[in-house]
Amino acid sequence: MHYVVPWSVHEGEVDPTQVLKGLLDTAVLGALRDNRTYGYDLVRQLREHGFAEIADASVYGTLRRLYRAGLLTSEIVDSDTGPPRKYYSVNEAGAAQLERSMKTWEEITHTMDRILGREDR
């Protein structure tokens, strides 16, 4: 199996933003798998889990793209503290895509562990 790794090297360093672009769909689907939420809260959750530098626009763009692809459902819910919010959740197609993405991630990490000599970890 072959993978296209979205890394770009500039002045000897891997650009983590390029790596993140390749992982954001899976991260968003994973965060929404058991948790219906709205965009800003999703951004907060992703930052709390280690994506500290993630841009709001990247997450909102990913939500729109995944929704248009038929992987998410959404509903407008009134808010006690402001305007109504659009809540997103993973539907059956999104859950199936997440499972495929998780399998691919496991294969990639296993391959990289072998290449880097980290098979024992």
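Read the figures in this text as sums done on the coordinates, not as results from a lab. As the structure is a prediction and not an experimental result, all values here were calculated from the model. When we count neighbours, we look across all protein chains shown, and the Cβ atoms used for this are built from the backbone with ideal geometry, even at glycine.
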Query - Kirkwood-Stokes translational diffusion coefficient of the stretch 13-121, alpha-carbon pairs, 4 °C, 1.567 mPa s, µm²/s - result: 85
Requested in this report: Evaluate the charge dipole of the stretch 68-121 about its Cα centre and quote only its size in Debye, nearest 20, assuming +1 on the Cβ of each Lys and Arg and -1 on the Cβ of each Asp and Glu.
Outcome: 200
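Would you mind getting me the FRET efficiency between residue 119 and residue 68? Use the beta-carbon distance for r and R0 = 25 Å, nearest 0.05. Walk me through the intermediate numbers first.
Details: r = 40 Å, r/R0 = 1.58.
The value I calculate is 0.05.
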